[in-house]
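In what follows, a structure is listed as structure tokens, so that the remarks can point back to it.
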């Protein structure tokens, strides 16, 4: 499984070919230099251990997420259950923070007149004020 992201330098497209070449090499861990989003490591990981290295901090996080879990990936339902409470807490925080903007938007939508919606588009609430 690789991340389906456009990233400068990603080897996502060539990863399967690189993995095929690596299979013909000597056994042992693969050192995935310049690992980035771990496209090569992910293609090789089912059959051998992968060590990842990259100067970018995010690459370390991606590699840890892909290669250090002792368990299989979470099932969707389990992931949804685990994320529910943080999601609800964040939702309440955002609804509180942007209550004024949400009320204006609801009012504009409920009036059902194009002029109110375009006015909201032209003169949005000053977010700098809302964020402070």
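The values are calculated or read from the model by the stated rules, or taken from the named source; none is laboratory data. Remember, predicted model here, so these are calculated numbers, not experimental data. When we count neighbours, we look across all protein chains shown, and the Cβ atoms used for this are built from the backbone with ideal geometry, even at glycine.
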Helices (runs of 4 or more DSSP H) contained entirely in segment 34-111, each with at least 3 residues that are in the same structural domain as residue 21 (by TED's automatic domain parsing) and touching a strand residue (DSSP E or B) at 6+ places or on another chain (Cβ under 9 Å): 39-44, 57-67
When both residues are 6+ apart or on different chains and their Cβ atoms are under 8 Å apart, which pairs have a first residue that lies in segment 1-19 and is modelled with pLDDT under 85, and a second that is exposed (fewer than 10 other Cβ atoms within 10 Å of the Cβ)? 12/4
Please count how many residues of segment 44-57 are modelled with pLDDT of 85 or more and within 12 Å of residue 67 (Cα to Cα). 7
For segment 66-77, indicate whether the set of residues that are at pLDDT 85 or above and touching a helix residue (DSSP H, G or I) at 6+ places or on another chain (Cβ under 9 Å) is non-empty. no
Can you tell me how many residues within segment 22-52 are surrounded by fewer than 17 Cβ atoms within 10 Å (Cβ to Cβ) and closer than 14 Å to residue 10 by Cα? 2
